[in-house]
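The values are calculated or read from the model by the stated rules, or taken from the named source; none is laboratory data. These figures come from a predicted structure and were not determined experimentally. Here the Cβ positions follow ideal geometry from the backbone for every residue, glycine too, while neighbour counts run over all protein chains shown.
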Amino acid sequence: MPNVAYSIVIPVFNEEEVLPETYRRLKHVMSFTKESYELLFVNDGSRDGTALLLNKLSQLDPIVKVIHFSRNFGHQVAITAGMDYAAGRAIVVIDADLQDPPELILDMIDKWKQGYDVVYAKRTERKGETRFKKWTAALFYRALRALTDVDIPADSGDFRLIDRKVCEAMKSVREKNRFIRGLVSWVGFRQTAIEYVRDERWAGETKYPLKKMLKLSLDAVTSFSLKPLKLASYLGFMLSGGSFLYLFYTILEKMFSSRTVPGWASLVSISLFFNGVILIILGIMGEYLGRIYDETKDRPLYLIGDRLGFDRLESGAPPSLQEQLVKRNYDHA
């Protein structure tokens, strides 16, 4: 393994507007460490000019390494790939949108040198976000802490520094529906937080709309808790009890009034309540079964189309698709 002190993992997806500024600020910040480092960009199937920009940076600067996915595999998987290929004694994960200030990396390094294995950034304020986004984010973290047995810090994202031994532990966990910040908490080790104010996005648009946030929330809950399955059982008992109470009410109404149509109210009440119970329970079970299905397929987490800046002779990582194709054509010839 090369003697690299710090690996900065930057997952990117359609970030051509902000990439030059991200690169400039990261270079500026890391120059203060006076130690070796690498900038590892993981291109998650971008459809704009991101790939060309990254290729150019890799050609101009030897510290820049680039992994191009064959298609979009998702933000959490891109972080995983960065950890798989990172060579540093400490690995920092940071998004390219500059909402998380690169300058905070120096504080993380100080904490790491004090003996902490994980240093995560905790948001005290979120600039440029709607009240709905702030409210749902706060609700998500509180609900997650209540539902899971793993102590996942509230108001923290994927912006963090992890020690090499934590990275190696993370590489042994290959589940398909990934929630990185939860997995980092699950593996344990000595952890601490650094508080900061999250800035507005420097350029471009968010890559986590409501639909993706809901998907991430489901992955988080189903990866670390069985409580929803238990809640489904409790809900079934509650709704069943409610249906019997309503049935009792309709019987009384039938006996002491003439407002009901014979047989209609009791049938409707029973049907609505029990159908609702069944659908809710089936939906929750379906989420878990879908994830079991994903795991049994045993497909790779990601496929790499190409990678730049790596030493192919020394790297123990699997060859990219392009390298496999070149080797196959060479062997055939």
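Just so you know, in region 285-308 the residues that are hydrophobic (A, V, I, L, M, F, W, C) and outside any helix (DSSP H, G or I) include one that is modelled with the lowest pLDDT, and it is 301. Out of curiosity, is residue 51 touching a strand residue (DSSP E or B) at 6+ places or on another chain (Cβ under 9 Å) and crowded, with 22+ Cβ neighbours inside 10 Å? When the stated conditions are applied, residue 51 does not pass them. One residue is enough: does region 206-216 have a residue meeting the conditions modelled with pLDDT under 85 and either assigned to a strand (DSSP E or B) or surrounded by 16 or more Cβ atoms within 10 Å (Cβ to Cβ) (or both)? So far as region 206-216 goes, yes, one or more of its residues are modelled with pLDDT under 85 and either assigned to a strand (DSSP E or B) or surrounded by 16 or more Cβ atoms within 10 Å (Cβ to Cβ) (or both).
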